[in-house]
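Since the structure comes first, as structure tokens, the remarks are kept for the end.
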Amino acid sequence: MVDSRVVVFTGGGSGGHIYPGLAVIESLRKGFAGRIVWIGSKKESDRTAVEAAGIEYLAIPAGKLRRSFSPENALDAFRVIGGYFAARGFLKRLRPILLFSKGGYVSVPPCRAAASLGIPVFTHESDYSPGLATRLNAKRAERILVSYDETRSRFGPELHGRVVTIGNPVRSAIRQGDPGRGREILGAEAGVPIVLFIGGSQGARQVNELARCVLPSLRARAIVVHQTGDEGSEGTKGLPDGRYFPYPYIREELPHIMAAADLVVGRSGAGMVWEAGALGKPMVLIPLSGPGTRGDQVDNARLFERSGAATVLVGESATPDSLSKAINWYLDDPARAKASGEAARVIAGRDAATAAAALILERIGGKP
């Protein structure tokens, strides 16, 4: 029997909102044969990532949700309203049995539209502290899925009964990374450690600058792989000695390179820390911080630090000297690095994608 039912996913703005959703879809397909559609922003990188996974993508206008005054707020208000009506039109046509939100400002209009049409809404928060979009979506959600038990307290008491801790979904490709293949990709010499710098799906200027500062001394003892984002990379080839590999973005090779890495250095977006943690990697985390952020990366980093899974350098403490010392602290003591990696695996080892898919199937029924 053909399953004519539809499940819609929404979210976007960064890989941290896209890839966990794709991980849930991957698991959901094992028990759901119907149609899956993603409603997202007009951002081309979001569309590319979703369509590369074989998912139908529908774009709506998206306006950012800011906590402070900005001249852009008025224009974005019109975009949000436009996004609501565009999403409502898509949902009326698709008639989905459930909407699953992965967060980001683009997810708010579809969640509002779904609620207005009586469509059940599930929302998932990857970060330790929920973002504004999740807090807005949670008010209309039947299930609020979170990555950490402590996140439950960040919602009002009236919502606690809807909160379920499942972890942050990680793509199966990440968990299947082959360290031998990773070393082969890099041509890594036997016994030489690999340090992976990764600033997130869009790169990070601070991480890039610090990486370049420590590179001269670090190359003497390790192979350095550096995901730079669109800015700051002149190509993907290593230097003549094969010790430095800058990539604008690491795609198919990422699971293998991360599996081969002895240490991961970078931002502390939920996607990055959970992917590295799922592979049992020790981390040096340089969270995005300051008045222009909501502090979510600092919260993520501190949780991993408290568990012994990472060393954290925040704000003025993130200097080339402190970074060099933190990296050498792990490279000089393999037992310490192993213990830190195992602590990370304890946090991120759960299969959140399967758990989320099971909750969806429980709500909609696994068979047509």
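The values are calculated or read from the model by the stated rules, or taken from the named source; none is laboratory data. What you see is a predicted model, and the numbers here were worked out from it, not measured in a lab. Note: ideal-geometry Cβ built from the backbone for every residue, glycine included; neighbour counts use all protein chains shown.
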Residue by residue through segment 26-49, note down the ones that are part of a strand (DSSP E or B) and either basic (Lys, Arg) or closer than 28 Å to residue 230 by Cβ (or both).
35, 38, 39, 40
Can you say whether residue 164 is without any contact (Cβ under 8 Å) to a residue 40 or more places away in the chain and among the β-branched types (Val, Ile, Thr), as far as the supplied structure shows?
no
Reported set for segment 141-174 where residues are assigned to a loop (DSSP other than H, G, I, E, B), touching a strand residue (DSSP E or B) at 6+ places or on another chain (Cβ under 8 Å) and aliphatic (A, V, I, L, M) is 141, 166
List every residue pair whose Cβ atoms sit under 8 Å apart, with the two residues 6 or more apart in sequence or on different chains, where the first one lies in segment 81-94 and is farther than 15 Å from residue 41 by Cβ and the second, anywhere, is of a type in the set (Ser, Thr, Tyr) and in a helix (DSSP H, G or I).
88/116
Does segment 332-351 hold any residues that are in a helix (DSSP H, G or I) and buried (at least 18 other Cβ atoms within 10 Å of the Cβ), and which are they?
337, 340, 341, 343, 344, 347, 348
Filter segment 237-261 down to the residues that are at pLDDT 55 or above, touching a strand residue (DSSP E or B) at 6+ places or on another chain (Cβ under 6 Å) and part of a loop (DSSP other than H, G, I, E, B) and list them by number.
243, 250, 261
What are the residues in segment 177-236 that are of a type in the set (Gly, Ala, Ser), modelled with pLDDT of 90 or more and under 24 Å from the mean Cα position of the chain (by Cα), if any?
177, 182, 211
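Go through segment 52-77 residue by residue and tally those that are at pLDDT 70 or above and surrounded by fewer than 13 Cβ atoms within 10 Å (Cβ to Cβ). Show your work before the answer.
We begin by selecting, within segment 52-77, every residue at pLDDT 70 or above; these are 52-62.
If we keep only those that are surrounded by fewer than 13 Cβ atoms within 10 Å (Cβ to Cβ) too, we end up with 52, 54.
Residues in segment 52-77 being at pLDDT 70 or above and surrounded by fewer than 13 Cβ atoms within 10 Å (Cβ to Cβ): 2 in total.
Here is a yes/no grid of residues against (1) hydrophobic (A, V, I, L, M, F, W, C); (2) in contact with a Phe, Trp or Tyr (Cβ under 8 Å, 6 or more places away or on another chain):
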position	(1), (2)
2	yes, no
10	no, yes
14	no, no
17	no, no
21	no, yes
24	yes, yes
28	yes, no
47	no, yes
All-but-one check, residue 301 against (1) free of Cβ contacts under 8 Å to residues at least 24 places away in the same chain; (2) buried (at least 23 other Cβ atoms within 10 Å of the Cβ), failing number (1)
Limited to segment 304-325, what total is found for residues that are within 23 Å of residue 127 (Cβ to Cβ) and over 16 Å from the mean Cα position of the chain (by Cα)?
13
I'm trying to understand the selection: among the residues of segment 267-295, which are buried (at least 21 other Cβ atoms within 10 Å of the Cβ), more than 21 Å from residue 325 (Cα to Cα) and of a type in the set (D, E, K, R)?
275
Run down 340, 322 and say which single residue is of a type outside the set (Asp, Glu) and farther than 22 Å from residue 150 by Cα.
322
What are the residue pairs meeting all of these: first residue in segment 335-353, first residue among the acidic types (Asp, Glu), second residue modelled with pLDDT of 95 or more and in a helix (DSSP H, G or I), Cβ atoms under 9 Å, and 6 or more apart or on different chains?
351/27
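Consider segment 105-140. How many of its residues are assigned to a loop (DSSP other than H, G, I, E, B) and either touching a residue at least 24 places away in the same chain (Cβ under 8 Å) or of a type in the set (D, E, K, R) (or both)? Full working, then the answer.
Pass one, segment 105-140, residues assigned to a loop (DSSP other than H, G, I, E, B): 117-120, 126-131, 139-140.
When the remaining residues are screened for being either touching a residue at least 24 places away in the same chain (Cβ under 8 Å) or of a type in the set (D, E, K, R) (or both), the result is 117, 119-120, 126-131, 139-140.
Here the count works out to 11.
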